[in-house]
Each structure stands twice: as C-alpha cells, then as structure tokens.
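Bear in mind that the values in this text are calculations on the coordinates, not laboratory data. Here the structure is a predicted model, which means the values were calculated and not measured. Every residue, glycine as well, gets a Cβ built from its backbone with ideal geometry; the counts of neighbours run over all protein chains shown.
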Amino acid sequence: MSKRDVRMRGFEARSTVTDALAWVDASSGADASPHRTEQIPARDAWGRVLATAVIAQTSVPPFVRSAMDGYALRGDETTGAGTYQPLPFRVIGESLPGRPFDGAVVPGTCVRIMTGAPLPSGADAVLPVELTEPLSGGGLVGGDISAIENVSPGKHVGQVGEDVPKGSEVLSAGRRLRPQDVGILAAVGVTTIEVWARPRVAILVTGNELAEAGTARGDHQIYDSNTDMLRALVTRDGGDVVGVTRLTDDREAIRRALLASDSEVVLFSGGSSVGAEDHAPQIVAEVGELAIHGVAMRPSSPAGMGRVKHRIVFLLPGNPVSCLCAYEFFAGRAIRSLGGRSADWPHRFVRLPVGKKLVSMVGRVDYARVRIVDGQVEPVATSGASILSSTVRADGFVIIPSELEGYGPGAEVDVGLYGDP
C-alpha cells in the first residue's frame, strides 16, 4: 500500500490492469466478504441470483392428464380404426380441467375430455376430436362417436412428473432468474426463495465545477453526467444505490462522507487524479487501505481502489469516459461478484475484422470505442476521456492489450457491444 501524495507530482509507477483485476477478484469473489443472502417472494425474483438450489417438492403435473381435446378411451380398442372402418364408442361422461369424471372407462366406452383435464380411470389414451366423427348426440355425453384413426396406449397423455419430477433440481444455485424461471417456481408451488442480496452501493460525487441537472448552473460549471450513468450501471449489475452524496472539493467533507457510508461498495466520482483538489486517494489511504492508485490503461489511468473497514472503495476519474471505463473494468466486476453474478463483462461480444487501424501504445491497455461499418470495425473519431458522446456514437468497444500497438486493417478483434446485456 502506498500513501505517497501524488497531487501535482504525478505517478511514479502505475499498476497493471492484471494486478488491479486480481485485487478486485480477491476482494469481492466467493471467498470475500461481505456476501449476504435474503429470502424474497418467488414472484418478485426476476433478475435475481439464486443462493441455493430449488428442489421440486411436488411433481408437475401431479396427475395423469390429457394433452389434447378429444375422447379418453382404451388405446388398444382403436386398433384397425380408419375412415373406411370406423369403430364406435359410447360417450359416458366428461372430464374438464379441475372437474374430473367420477367413474371409469369400460370396454366400448369413452369420456369426452379437454386439454389438461385428469385422465379417467380405465383410460390410457386420448383420441383427438379431429380423429372422430359423431354418430349421435353430437359427440356429447350420452351420445356415440366413431374413431376414424387408431391411437396407441399412452398417446396424447401427460404422465405424472412429465414436466418436473418430484425431488429433481428445478433451478441450480447461482442461476440468474429469467421470467420463465419465475414461472417454474410457481408451477412447483415455491413461494419464497433465497437469493444473493443486492450489494449496497454509495456514490460520492466530488467537484466544485459540477451542477446537478435541472438546477442553476454557474458560468464555469458543467452538469454532472457521471452520477446518473453510475446509477444505471450499478442497477444493470445487480447493485442497489443506497445514496448519492454531492460534495465540493473540501477534504474534511469528503472524509466525513466516506466514513459515514453504510454501504458495501463506495464509488468516488472525481477527485482521484493528481490535481491539487484530488483529495480522495489520500483520504482512503489515511482511514483505510489504498491498494492501487494509478493503472496502466487509457482512459482511466488515475483510477484507484482500496478498503475502508468492510467497504470496497473505487476511485473513478471525473472525466465521463474514464469514469465509465474504470467502472466497467473494476467496480462493476466487484458489484456483480458480491451479488452472486458472473464477474465477467456483461456485454455480448462479436468477432469482426478491423476496417481502419485501432491505435494504442505498448505498456498500457486501451479501451477503444468503435463503430461497426459494413461489418468492419472503425475507431470513433474525437474520443477523448471527456467526450461522453463518443460512447453514444459508438456501437461498442475493443480492449487492446498492453503488449500491442493496436490492430491493423484485417485483424480479427472481439467487440463488446453496448446495449442490453
């Protein structure tokens, strides 16, 4: 841990991205704390991550049922049935969903049945209605029908546990629940489940030059874009923003806000670089551990991370693209891990050829914003760390490793696509 004050001096050395990621994983992985679970209603579980597996306590379906609208009968009695050799059956009753037939099918008889209704005793198959012809009574109870095609025993019948057998694992621990997963929980009668709690995240925004959108802005102020961007990113990654504190470049105010936070993760927006008013790194070093400050990457080289008591603290540069980049590489990874999600990038990646050269420098990792033009990758023009619109105009990003000077035309690269993960 270095407590060297880099303000107005610059970094003597920068940590590698690899070392920074290793620290994040050690601080937020499965063996790190805090990791909390909670019980929630299953109906509200979409998007949450299961902490324990769900075992079916009942079979789905719990009874033998019809898979078609038609007539329940003994399948072997339809052997030989055809258009030129129809076989007659007496309709002795009706079975509806939730209202089963209270009787038994005997030779030469059938029961009119609807999809999902219990199969009556004595029957082992369902003859679809389109494979029958009414003889009398319109195919209703008390009338007769003829089978014009045969069905084998078990045909068009849903067996007990055909969907979910009792005692089977319905959903495994660590699964991020989708809408259909919530449906299957209801199907097996589960009303409450244990999930990983959403990590509590506090955002501390520093900078005399910032004004909140919707408020009066001074002549030499800019509107704060990082806060709303970070809110959205934290929500995407399964975190819960428990507070946003806006601070001037006042050392003691920043210190008090950091120590007062009751979150598991603290995100500093701004105040992390080497300027005279960049107090956050030294405050973290004084009251906790400043594990890393300065990373060999572009943008986001002033990024840092450390601990204050049980809280993981991330120093995110104030320039919007640097803030986004540092969050994506480090803070988002930690938040996803703490919430039981995969730590990996939450973006979809596609492999595409480079159309125009992507430039970098050996010794640093580059987060290059790119456009996809005619199936090829091109850098976004005007893409400095303060140009947030570059990420809006971009289709995605390419991570250029530290050992390369970039990618030339024709090279195949992995593009992380912006948009819904």
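Structure summary
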| item | result |
| --- | --- |
| Charge dipole (region 209-302, unit charges on Cβ, about Cα centre) - positive-most of 299, 272, 257 | 299 |
| Cα shape, region 348-417, gyration tensor, a/c 1.5 rule | oblate |
| By average C-beta atoms within 10 angstrom, highest first, the peptides 246-255, 124-133 | 124-133, 246-255 |
| J(HN,Hα) series, region 341-347, from Karplus relation 6.51 cos²θ - 1.76 cosθ + 1.60, nearest Hz, glycine and proline x | 8, 5, 6, 4, 3, x, 9 |
| Net length gained if the chain between residue 168 and residue 102 were fully extended (0.36 nm per residue, minus Cα distance) | 20.6 nm |
| Likely footprinting exposure, 35, 156, fewest C-beta neighbours within 10 Å first | 35, 156 |
| Residue exposure sequence - 407, 71 - by fewest surrounding Cβ within 10 Å | 407, 71 |
| Peptide ranges 310-317, 168-175 listed from the most packed, as the mean C-beta count within 10 angstrom indicates | 310-317, 168-175 |
| Part-to-part distance (alpha-carbon centres) for region 203-260 and region 312-373, which is given in Å | 21 Å |
| Percentage relative contact order, the chain, counting C-alpha pairs under 8 Å, at least six apart | 17 percent |
| Set of aspartates and glutamates with alpha-carbon distance to residue 356 below 17 Å, sequence-local pairs under 8 removed | 366, 374, 378, 395, 405, 412, 414 |
| Residue order, fewest to most beta carbons within 10 Å, for 397, 63 | 63, 397 |
| Rg over Rh [alpha-carbon atoms, Kirkwood Rh] for the chain | 1.23 |
| Rounded, prolate or oblate (a/c below 1.5 giving rounded, otherwise prolate when a/b exceeds b/c) for region 208-304 by Cα gyration tensor | rounded |
| Unit charges on C-beta of K, R, D, E only; dipole of the chain, Debye | 880 debye |
| ³J(HN,Hα) computed for each position of region 296-306 - Karplus, 6.51 cos²θ - 1.76 cosθ + 1.60, integer Hz, glycine/proline x | 6, 8, 9, x, 5, 4, x, 4, x, 7, x |
| Relative packing of 40-51, 110-121, which averages over residues the other C-beta atoms within 10 Å, highest first | 110-121, 40-51 |
| Relative contact order (%) - region 65-158, alpha-carbon pairs under 8 angstrom, separation at least six | 42 percent |
| ³J(HN,Hα) computed for each position of region 134-139 - Karplus, 6.51 cos²θ - 1.76 cosθ + 1.60, integer Hz, glycine/proline x | x, 9, 7, x, x, x |
| Inter-centroid distance (Cα atoms) of region 170-189 relative to region 397-421, Å | 36 Å |
| Region 79-154: C-alpha gyration tensor shape, a/c 1.5 cut-off, then a/b vs b/c | prolate |
| For the chain, with +1 on Lys and Arg beta carbons and -1 on Asp and Glu, the positive-most of 381, 323, 80 along the dipole | 323 |
| Residue-averaged [θ]222 nm for the chain, counting only DSSP H segments that reach four residues, each worth -39500 (n - 2.57) | -4500 deg cm²/dmol |
| Cβ charges +1 (Lys, Arg) and -1 (Asp, Glu), total dipole of region 1-142, debye | 780 debye |
